[in-house]
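What follows draws every value from the coordinates through simple rules; no lab data is involved. Just so you know, these numbers come straight off a predicted model, no measurement behind them. Neighbour counts run over all protein chains shown; Cβ positions are idealised from the backbone, glycine included.
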Amino acid sequence: MTREAKLLQNFREVQTALAAACNQAERRLQEVTLLAVTKYAQDADVLFFLKQGLIKHVGESRVQQAFSRWTKDEFSAFPTVKHLIGHLQHNKAAKAARLFDFIDSLDDLETAQLVNRHVPAGKILRGLVQVKLTNRDTQSGLPLEKARELTLQLRRLDHLKVCGYMAIAPQGATANELKMLFTTIKQAFDEDFPQGGERYLSLGMSEDFTIAIKAGSTLPRIGSKLFA
Ligand SMILES: *Cc1c(COP(=O)(O)O)cnc(C)c1O
């Protein structure tokens with residue numbers, strides 16, 4: 001099989017699984033946007049999907065690496081929606097504000113304020129607040145109640161529009177535990193971001209997106225399943 005055939009097969013498998021999960025949850029597939037996580041992908045593979053018109057939302061976890069890739073002419077020629085999904089350091093806030101369309105990993109007010117100050121004129125940057133689902137210190141994000149408080153504070157920023165939550169599943173959680181954790185976030189999401197507004201709930205990665213879709217995710221982040 002050629003590399004391109006393999007990538008097409010990966011894409012079809014992801015699409016089929018997303019459609020099946022939507023079907024089981026009685027949701028419409030159009031409610032779900034695939035966020036293609038390109039952080040470990042080869043340039044050639046990303047360009048293939050872009051040329052085929054199969055991916056539009058792309059996620060990177062490091063500002064510098066994202067900058068090197070997405071400012072190249074061959075990449076910037078494609079209309080993409082670029083998401084930062086990794087932790088944002090203070091000293092990268094200005095660069096991130098220029099490059100990205102979404103910061104999906106907001107978890108502190110100061111950094112968000114700094115980002116807000118550096119959004120270029122005329123641009124509205126979208127932001128998601130990252131909810132932390134474990135007590136482990138290694139994960140970024142905030143416990144749900146703190147994330148909700150931060151959401152309220154971020155609503156005062158004028159160039160950064162907060163429009164949802166993102167969370168990463170804890171390692172080793174069972175399907176039932178995940179379902180409960182995701183469902184708890186989904187309830188808070190529905191209260192804090194009522195239907196009708198622009199809203200995104202980013203739950204689920206390659207290994208758990210089916211559970212996440214059933215719990216209401218609208219923006220699953222899929223890397224390894226697409227680029228395997
Ligand atoms: C890397 C990464 C992903 C993609 O993970 P896969 O298991 O490769 O699909 C999703 N979300 C975040 C925050 C990541 O860092």
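The HN-Hα couplings worked out from phi for region 146-163 by the Karplus form 6.51 cos²θ - 1.76 cosθ + 1.60 (θ = phi - 60°) are 5, 5, 5, 5, 4, 4, 4, 5, 5, 5, 7, 6, 9, 10, 10, 9, 7, 9 Hz, whole numbers, x standing for Gly and Pro.
A Cβ-based charge dipole, computed about the Cα centre of region 21-133 with Lys and Arg at +1 and Asp and Glu at -1, lands at about 200 debye.
In terms of Cα to Cα distance under 19 Å, which aspartates and glutamates are near enough to Lys56, apart from those fewer than 8 places away along the same chain? Within reach: Glu4, Glu13, Glu31, Asp43, Asp45, Asp73, Glu74, Asp101, Asp104, Glu198. Sorted ascending by nearby beta carbons within 10 Å, beginning with the fewest, Met205, Met166, Met1, Met180 become Met1, Met180, Met205, Met166. Taking other Cβ atoms within 10 Å as a rough exposure proxy, Tyr165, Tyr40 sort from fewest to most as Tyr40, Tyr165. Pairs with C-alpha atoms separated by more than 23 Å, drawn from the list Lys39/Lys132; Lys51/Lys225; Lys6/Lys214; Lys6/Lys132; Lys6/Lys95; Lys95/Lys186, are Lys6/Lys214; Lys6/Lys132; Lys6/Lys95; Lys95/Lys186. Sparsely packed loop sites in region 1-76 (the GluC sites (Glu not before Pro) outside DSSP H, G, I, E and B with at most 12 other Cβ atoms within 10 Å) comprise Glu26. For the chain, the Cβ-based charge dipole about the Cα centre amounts to some 400 debye (Lys, Arg positive; Asp, Glu negative; other atoms uncharged). Positive-end ranking of Gly172, Leu201, Ala228 along the dipole of the chain, with charges on Cβ about the Cα centre, is headed by Ala228. Sequence-distant contacts, meaning Cα pairs under 8 Å at least 6 residues apart, place the relative contact order of region 3-227 at 21 percent. Pairwise Cα separations in region 3-227 fall into 10 Å bins from 0 onward with the following percentages, short to long: 8, 34, 37, 19, 1.
Take the alpha carbon atoms of region 104-182, find their center, do the same for region 6-25, and report the distance between the two centers in whole angstrom. Cα centroid of region 104-182 versus Cα centroid of region 6-25: 27 Å apart.
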